[in-house]
1. Restricting attention to the range 45-84, which residues are outside any helix (DSSP H, G or I) and either under 30 Å from Glu8 (Cα atoms) or at pLDDT 85 or above (or both)?
2. Scan the range 2-16 for residues that are at pLDDT 85 or above and among the charged types (D, E, K, R) and report the count.
3. For the subset of the range 12-44 comprising residues that are surrounded by fewer than 18 Cβ atoms within 10 Å (Cβ to Cβ) and not in a helix (DSSP H, G or I), which member is nearest to the ligand (Cβ to nearest atom)?
Amino acid sequence: MSIEADAEGMAVHCERTREELAVQALTAGRHGELDGCSTEHLDHCTDCATEQSLFAQVTQVLSSLGPHVFDGIPEPGPRRHRMR
Ligand SMILES: [Zn+2]
């Protein structure tokens, strides 16, 4: 019984934790730390721990590129000034 409850709780935590990890990756940690539940979950769940290390790599690559990379990307389509 407790095993089933754990498995169910695990799935909920996985979803939550991965959401947190995605937010962390997208904001490069500016959003704050992972909440306690997610941190604890990562200690027990290898799937999520793997996910975290993948996100960490992505974050590292993005931060090494720097935000100026995105500034240089031209907007799609020709730019037209609309004068009215
Ligand atoms: Zn998990």
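The values are calculated or read from the model by the stated rules, or taken from the named source; none is laboratory data. As the structure is a computational prediction, the values presented were derived from the model and not from experiment. Glycine also receives a Cβ, built like all others from the backbone with ideal geometry; neighbour counts cover every protein chain displayed.
1. Cys45, the sole residue that qualifies.
2. 2
3. The selected residue is Asp35.
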